[in-house]
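Accompanying notes for the structure given below.
The values are calculated or read from the model by the stated rules, or taken from the named source; none is laboratory data. Keep in mind that this is a model prediction, so the values were computed, not measured. Quick reminder, even Gly has a Cβ in these numbers, built from the backbone with ideal geometry, and neighbours come from all protein chains shown.
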Amino acid sequence: MLKVSAPGFQVRNLGWQNSDGRNGDGQASVRALQITLLPATAAEQVTVAANRTGVRVIENATSVTVLSASDLGATAAFRTDDILRQVPGFSLFRRTTSRTANPTAQGVSLRGLGASGASRALVLSDGFPLNDPFGGWVYWDRVPRVSIGSIEVASGGASHLYGSDALGGVINIIRAPVDRNAISLEAAYGNEDSPDLSLAASRRFGPWAIGLTSELFRTDGYIAVPSDLRGTVDTPVNSQDASGDLTVQRKFGERGSVFVRGSLFGESRHNSTPLQTNSTTIRELDLGGNWDAHQVGAFQLHAYVTRQSLHQSFSAIASDRNSESLTRTQVVPAQQVGFSAQWQHSIGTRQHLVAGLEEAHVHGQTNEQGYFGGNPTSTSAGGGREVNWGAYFEDIIRVTADWLLTASGRVDHWQNFDAFAPPDPARPVGAAALPDRSETFFSPRLALLHKLTRNVSLTASGYRAFRAPTLNELYRGFRAGNVFTESNPNLHAERLTGAEGGAIVTGWNQRVMLRGNFFFNQITRPVANVTLTTTPSLITRQRQNLGSTRTQGLELEASGRISDSLSISGGYQYTDATVTSFTVDPALAGLNPSLVGLDIPQVPRHQFTLQANYSRPFILLGVQGRFGGNQFDDDQNTLLLRRYFVLDATASHHLRHGVDLFVAVENLTNRRYDVGRTQVLTVGPPILARAGLRLQFGSR
């Protein structure tokens with residue numbers, strides 16, 4: 001038995017046996033022993049999300065949270081967005097899970113910048129964007145769960161490296177590599193008739209490797225309207241989805257590799273009434289390669305093509321909720337073509353340079369059929385094309401052993417053209433052509449880390465960021481229940497100015513890490529759903545550029561490995577998010593009350609999370625809890641969503657090598673918390689208990 005230990009890493013106990021065989025020279029042969037040490041805490045984790053290159057968390061001025069493979073395996077949640085709720089400040093448009101939420105409500109927000117259908121953070125899978133090209137929301141189930149090796153969340157403006165979509169940060173989902181012989185399978189069944197199956201398999205053939213992943217999920221869901229408010233029209237919100245991808249990789253020694261990946265994703269949903277449904281199909285082809293030219297630097301190339309289609313139907317619901325009528329159907333085809341090129345190179349031991357180029361072309365439109373009394377009455381269409389290109393540069397300078405300076409910046413240019421909008425009642429029938437529009441923005445960032453002592457580091461950074469409006473916000477209106485939201489082809493890009501400062505503290509031989517940050521972000525021209533009129537049967541809103549909003553607060557994060565068996569982590573975020581100025585459209589004067597001083601919708605002031613994992617040779621226990629404070633469901637702060645606390649738990653038992661049985665329970669206390677109040681109260685999912693089997697063979 002060999003015991004291996006090193007400061008900052010977990011102790012490993014490895015069995016080792018000398019072979020009795022002989023080689024061709026008659027000498028005793030020895031079996032090679034591979035030793036891998038895992039970091040003791042997140043402080044030693046190397047991340048790429050915040051700087052596009054490997055930087056340890058403990059030496060990163062950006063606030064980064066890392067969910068490792070062990071963290072993913074110890075959580076009861078099995079949808080990616082639910083797993084990410086362990087990160088304080090992470091939220092979707094509403095509190096609902098992707099198991100049951102309409103996909104257009106699955107835009108992600110970080111640090112309380114304001115949730116909407118469009119994300120204010122960029123979501124990547126191995127560097128390829130997952131944000132919907134037309135609407136900016138995220139289909140969280142496109143990456144099969146067991147294929148995920150880790151997830152990195154970098155909070156704060158990241159347009160300096162990632163452009164428009166990274167206004168509030170970046171989430172990087174890192175897949176397990178395919179160049180090894182391994183297979184992982186998870187099969188489970190839960191209440192609400194919820195079976196799921198997730199598979200990842202890979203095989204290496206010399207310099208070639210092939211990987212296959214797939215996931216299937218279905219749930220009957222639950223009725224979201226409380227029993228005392230529901231009518232005969234209220235039916236369960238449910239969903240089913242399937243995903244799969246095939247990757248082929250070719251390595252060239254230790255210096256480079258190329259790969260191609262084809263993926264397919266499909267889902268369908270019932271959104272709480274018989275007539276409100278949607279379905280999506282996404283096809284994507286990814287190409288990539290990297291080459292380390294040593295003296296010249298390392299190069300990386302990515303290219304991708306995505307084609308997709310969203311089908312959705314909307315209805316008007318009677319006030320007694322006992323009948324509904326079809327009002328509109330939509331078919332939204334979209335496609336995206338993009339590429340990126342990156343170079344990085346170290347100069348001596350004190351300086352590391354990163355530079356790159358990116359370009360993306362998006363084409364999408366909405367084709368609509370209007371209905372009245374169950375009969376088609378009108379057709380319309382709206383959409384356009386958008387092209388984005390950006391160039392970035394980053395210089396990471398170790399000024400001295402105790403000072404680390406990072407300077408970066410990016411220039412982005414985006415343009416809308418070939419745009420057309422649905423006809424206005426005052427104009428003749430037919431789509432109306434819209435003028436071309438373009439904007440250019442420079443996103444700088446300057447960050448400084450000072451190692452005050454061996455265990456204490458201070459950080460500070462300032463940055464600017466932006467987000468261009470999506471084609472969905474510009475050209476597609478939608479109706480959710482009795483709330484109609486109009487598009488606005490005159491929207492401008494959001495612009496953010498932010499700063500943060502804090503400290504990183506490690507102790508107990510780096511087994512404990514504490515991180516605290518004060519942050520300040522101001523957005524000018526934020527896109528918001530502004531209420532125009534309210535009647536008992538219909539709320540009408542429009543996407544508008546408000547004057548400005550301010551989000552400031554404090555975030556705390558702690559993680560510690562108390563013993564080889566017990567680890568605890570948690571986080572807290574206080575957010576003060578308010579509207580600081582509001583410019584009223586002259587045409588709507590008298591209709592809009594001032595929003596100045598009101599809270600930004602969907603942003604709670606207090607959030608905290610707690611995770612505890614206990615592992616022994618044959619058992620793993622995990623507990624996760626999260627709290628969300630009061631928040632408002634509307635811009636006028638009249639619809640309050642009350643505070644809530646949810647507790648999850650999981651337990652697994654090791655049967656034999658590579659085989660585990662597990663039980664996972666989400667919402668252990670069956671808390672029915674508020675998720676929406678527009679116009680009727682809706683509540684979150686009840687308890688979901690699952691039991692299943694995990695198989696894992698080979699290296700990972």
Note to self: Where the second residue is modelled with pLDDT of 85 or more and part of a loop (DSSP other than H, G, I, E, B) and the first is among the aromatic types (Phe, Trp, Tyr) and lies in the stretch 421-449, which pairs have Cβ atoms under 6 Å and are six or more apart or on separate chains?
What the structure shows: none
Next item on the list: Being of a type in the set (Val, Ile, Thr) and farther than 30 Å from SER239 by Cα is the filter here, so list the residues in the stretch 179-212 that pass it.
Entry: ILE210
Check: Taking into account only those residues within the stretch 345-358 that are part of a strand (DSSP E or B) and surrounded by fewer than 16 Cβ atoms within 10 Å (Cβ to Cβ), which is nearest to the chain's Cα centre (by Cα)?
Finding: LEU357
Notebook entry, point to check: For the stretch 494-576, which fully contained strands (runs of 3 or more DSSP E) count at least 3 residues that are assigned by TED's automatic domain parsing to the domain that holds PRO617 and surrounded by fewer than 18 Cβ atoms within 10 Å (Cβ to Cβ)?
Noted result: 494-507, 512-524, 527-534, 548-561
Notebook entry, point to check: Could you count how many residues in the stretch 77-97 are in a helix (DSSP H, G or I) and either not charged (D, E, K, R) or not assigned by TED's automatic domain parsing to the domain that holds LEU113 (or both)?
Noted result: 3
Checklist line | Tally, over the stretch 370-401, of residues that are of a type in the set (Asp, Glu) and out of contact with any Ser or Thr (no Cβ under 9 Å at 6 or more places or on another chain) | finding: 0
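Among the residues of the stretch 189-205, write down those that are in a loop (DSSP other than H, G, I, E, B) and either modelled with pLDDT of 95 or more or surrounded by fewer than 18 Cβ atoms within 10 Å (Cβ to Cβ) (or both).
ASN191, ASP193
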Next item on the list: Would you check if ASP648 is in contact (Cβ under 8 Å) with a residue 24 or more places away in the chain and not in a strand (DSSP E or B)?
Entry: no
Item checked: Condition broken by GLN342, with the remaining ones in (1) surrounded by fewer than 19 Cβ atoms within 10 Å (Cβ to Cβ); (2) in a strand (DSSP E or B) satisfied -> (1)
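Restricting attention to the stretch 613-628, and to residues there that are out of contact with any Phe, Trp or Tyr (no Cβ under 8 Å at 6 or more places or on another chain) and buried (at least 17 other Cβ atoms within 10 Å of the Cβ), which single residue is nearest to GLY112 (Cα to Cα)?
Ranking the qualifying residues of the stretch 613-628, first place goes to GLN624.
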Check: Considering GLU486, GLU494, GLU473, which residue is in contact with a Gly (Cβ under 6 Å, 6 or more places away or on another chain) and of a type outside the set (A, V, I, L, M, F, W, C)?
Finding: GLU486
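Each row is one residue, and each column tells you yes or no for (1) closer than 30 Å to PHE520 by Cα; (2) among the aromatic types (Phe, Trp, Tyr); (3) in contact with a Lys or Arg (Cβ under 8 Å, 6 or more places away or on another chain).
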{"residue": "TRP140", "(1), (2), (3)": "yes, yes, yes"}
{"residue": "GLY163", "(1), (2), (3)": "yes, no, yes"}
{"residue": "GLU186", "(1), (2), (3)": "no, no, yes"}
{"residue": "SER194", "(1), (2), (3)": "no, no, yes"}
Next item on the list: Just give me the residues in the stretch 371-430 being over 19 Å from ASN472 (Cβ atoms), buried (at least 18 other Cβ atoms within 10 Å of the Cβ) and either at pLDDT 95 or above or within 31 Å of the chain's Cα centre (by Cα) (or both), in sequence order.
Entry: GLY390, TYR392, GLU394, ILE396, LEU404, THR406, SER408, GLY409, ARG410, ASP412
